[in-house]
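Below is one structure, written out as structure tokens; comments come after it.
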Amino acid sequence: MTTISDLPEDVLVELLSMLPAQDLICACRLVCTQWRYVVDLTTLWKRKCQREGFHTQNLDRSIPDWKIFYMLCNLKRNLIKNPCAEESFQHWKLDKNEGDKWRIEELPGPLGREMPDPKVHKYFVTSFGPCFKSQLITLKNEGYWNELMDEKRPEIVVKDWYAARFDCGCRYEITVRLLSEDYIVLEEFHPEPVVIEQWSDAMWREISHTFYNYPAGVRYIWFQHGGQDTQFWAGWYGIRMTNSSITIGPWTLL
């Protein structure tokens, strides 16, 4: 009687490539020596990348490990929760909430402009006192296991959007830290504050930074941004922020 184990290798690769990655690693790989061999084949993971749209021809020579490449592609998403204020302040820790405090407004807002991304409808806005909010991302909880971060060190891309009102000056700041298990800072992105003068163009601008070749041991990512207006006007005349993101992925996709 013919069994699945009697199938030619290329057929077995095709069949197994249809299964979820977790099943392949945690179940199929343990079935027998032949299946372990097939699950470890580069061709299987390359086929999964092709099947799910992660593969293009020009990547062929630049992928050292197709299994890791697939895992990173499959995991890649925005790790910042509630980036566009659709869930009020849920998932954010309000580190400083001074002046008339944080507020959420609808785009374009008073004397503001629309975002380049039409899917974004709201933003967070600061007041005349310092307003800062943060999120702490636990990488293991998001599917990024310790060995992956230590051995492969996939690129970590940070992006944020900010804008001012036309009629008031304001200040914007961002800090992103890669933290160890003991919350020691292994690497940090903390550019000079952006000061926008009164009567600006009120355009939305993106700030971006990529962490690469960072030290081993990264277990958390801490993201904080905020600011205030520079004229101390009562109300919400300070910096506006939305569409924040942190993504982790193979450099070939960035």
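The values are calculated or read from the model by the stated rules, or taken from the named source; none is laboratory data. Not measured: the values here are computed from a predicted model. For neighbour counting, all protein chains shown are included, and Cβ atoms are generated from backbone atoms with ideal geometry for every residue, glycine included.
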If you take the residues of region 42-65 that are more than 20 Å from Val11 (Cα to Cα) and part of a helix (DSSP H, G or I), which of them is modelled with the highest pLDDT?
Ser62
Could you tell me which numbered condition Glu151 fails, if it satisfies all but one of (1) modelled with pLDDT of 95 or more; (2) over 30 Å from Trp233 (Cα atoms)?
(1)
If you scan region 114-152, which residues turn out to be among the basic types (Lys, Arg) and touching a strand residue (DSSP E or B) at 6+ places or on another chain (Cβ under 7 Å)?
Lys122, Lys133
Being modelled with pLDDT under 80 and surrounded by fewer than 11 Cβ atoms within 10 Å (Cβ to Cβ) is the requirement here; does Pro8 meet it?
yes
Out of contact with any Asp or Glu (no Cβ under 8 Å at 6 or more places or on another chain), surrounded by 13 or more Cβ atoms within 10 Å (Cβ to Cβ), over 30 Å from Leu44 (Cβ atoms) and not assigned by TED's automatic domain parsing to the domain that holds Gln22: is that true of Ile156 in this structure?
no
Which residues, taken from region 151-178, are in a loop (DSSP other than H, G, I, E, B) and over 15 Å from Ile137 (Cβ atoms)?
Arg153, Ala164, Arg165, Phe166, Asp167, Cys168, Gly169
Residue under evaluation Gln198, criteria (1) under 18 Å from the mean Cα position of the chain (by Cα); (2) surrounded by 13 or more Cβ atoms within 10 Å (Cβ to Cβ), criterion not met:
(1)
Any hit, region 235-248, residues being among the aliphatic types (A, V, I, L, M), exposed (fewer than 15 other Cβ atoms within 10 Å of the Cβ) and on the phi < 0 side of the Ramachandran plot:
no
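Considering only region 179-254, give the strands (runs of 3 or more DSSP E) lying wholly within it that have at least 1 residues that are in the same structural domain as Asp150 (by TED's automatic domain parsing), among the β-branched types (Val, Ile, Thr) and farther than 30 Å from Asn141 by Cα.
Where strands (runs of 3 or more DSSP E) fall fully within region 179-254 and carry at least 1 residues being in the same structural domain as Asp150 (by TED's automatic domain parsing), among the β-branched types (Val, Ile, Thr) and farther than 30 Å from Asn141 by Cα, they are 194-196.
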